[in-house]
Amino acid sequence: MRIYLIGPMGSGKSKIGKLLASALNFSLVDIDKDIEKKFKKSIVEIFEVEGEESFRAKESIFLKELSSESNTIISTGGGVIEKSINREILKNEKLVVFLSASVEKQYLSTKDSDKRPLLNNGDSRKVLENLYAKRFDLYQMVAKLELNGDQLSNDEIVEKIINFIND
């Protein structure tokens, strides 16, 4: 079984991924971190040097390769659902969890990070609002389960995912 975690930046995908992997004794793949390791560049560097489209292409390759893994939690980047090929992959998966979060929660989680290239120019709160509005329906389109990080603790989210699997 593969469990994909999708949602906006700052929604807790990496934290939930670690907790869930530990609880289920699954391996954890963080696509952004794996891209950084493979290409020996930060996400910011890839965006600056190669552009967002190059990063999205790399992200798609990783997502496709992971579709043969088992007993794995896969934490995706916030923009993974923008490409139709990625949405098709995710639609065909058994468990895709949309971790939703208010723009305020996203902002508080990301405001001190220098690893968010889309937030490096201008009003980051406004950028988060625009991205969430643009992507929200896409997240819902591929998700089998939606959990709100504003209303649930990380432990409650993990518990709900495990209960969903066991039902």
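Among the residues of the range 1-49, what is the count of those that are more than 22 Å from ALA101 (Cβ to Cβ) and of a type outside the set (A, V, I, L, M, F, W, C)?
Number satisfying all stated conditions: 12.
Filter the range 63-87 for residues that are without any contact (Cβ under 8 Å) to a residue 40 or more places away in the chain, surrounded by fewer than 19 Cβ atoms within 10 Å (Cβ to Cβ) and under 20 Å from MET9 (Cβ atoms) and give the result.
LYS83
Could you list, ordered by first residue, the pairs with Cβ atoms under 6 Å in which the first is in the range 136-165 and without any contact (Cβ under 8 Å) to a residue 24 or more places away in the chain and the second is assigned to a strand (DSSP E or B), at least 6 apart or interchain?
That search, which allows pairs on different chains as well, returns LYS160/LEU147.
Which residue out of LEU19, LEU28, LEU63 is at pLDDT 95 or above, part of a helix (DSSP H, G or I) and out of contact with any Leu (no Cβ under 6 Å at 6 or more places or on another chain)?
Among LEU19, LEU28, LEU63, only LEU19 is at pLDDT 95 or above, part of a helix (DSSP H, G or I) and out of contact with any Leu (no Cβ under 6 Å at 6 or more places or on another chain).
Report, by residue number, each residue of the range 66-93 that is hydroxyl-bearing (Ser, Thr, Tyr) and either at pLDDT 95 or above or in contact with a Cys (Cβ under 8 Å, 6 or more places away or on another chain) (or both).
The answer is THR72, SER75, THR76, SER84.
Could you list all residues from the range 34-44 that are more than 23 Å from LYS91 (Cβ to Cβ), surrounded by 14 or more Cβ atoms within 10 Å (Cβ to Cβ) and of a type outside the set (Ser, Thr, Tyr)? It would help to see each step written out before you state the result.
Residues of the range 34-44 more than 23 Å from LYS91 (Cβ to Cβ): 36-44.
From what's left, surrounded by 14 or more Cβ atoms within 10 Å (Cβ to Cβ): 36, 39, 41-44.
Residues satisfying the conditions are GLU36, PHE39, LYS41, ILE43, VAL44.
Mind listing just one residue for me: the one in the range 17-38 that is under 20 Å from ILE85 (Cβ atoms) and not acidic (Asp, Glu) and, of those, farthest from the chain's Cα centre (by Cα)?
Among those residues, the one meeting the criterion is LYS38.
State the number of residues belonging to the range 39-51 that are modelled with pLDDT of 90 or more and within 16 Å of the chain's Cα centre (by Cα).
So the count comes out to 0.
Got a sec? Which of ARG135, ARG116 is basic (Lys, Arg), modelled with pLDDT of 90 or more and crowded, with 16+ Cβ neighbours inside 10 Å?
From the options ARG135, ARG116, the qualifying one is ARG135.
Hey, SER54 hits all of (1) buried (at least 19 other Cβ atoms within 10 Å of the Cβ); (2) part of a helix (DSSP H, G or I); (3) among the small types (Gly, Ala, Ser); (4) modelled with pLDDT under 95 but one; which does it fall short on?
All conditions are met except number (1).
Quick check on my filter: what residues within the range 80-110 are in a loop (DSSP other than H, G, I, E, B), over 15 Å from LEU147 (Cα atoms) and out of contact with any helix residue (DSSP H, G or I) (no Cβ under 7 Å at 6 or more places or on another chain)?
Hits for the range 80-110 are ASN92, GLU93, LYS94.
The values are calculated or read from the model by the stated rules, or taken from the named source; none is laboratory data. Computed from a predicted model, the values in this text were never measured in an experiment. Note: ideal-geometry Cβ built from the backbone for every residue, glycine included; neighbour counts use all protein chains shown.
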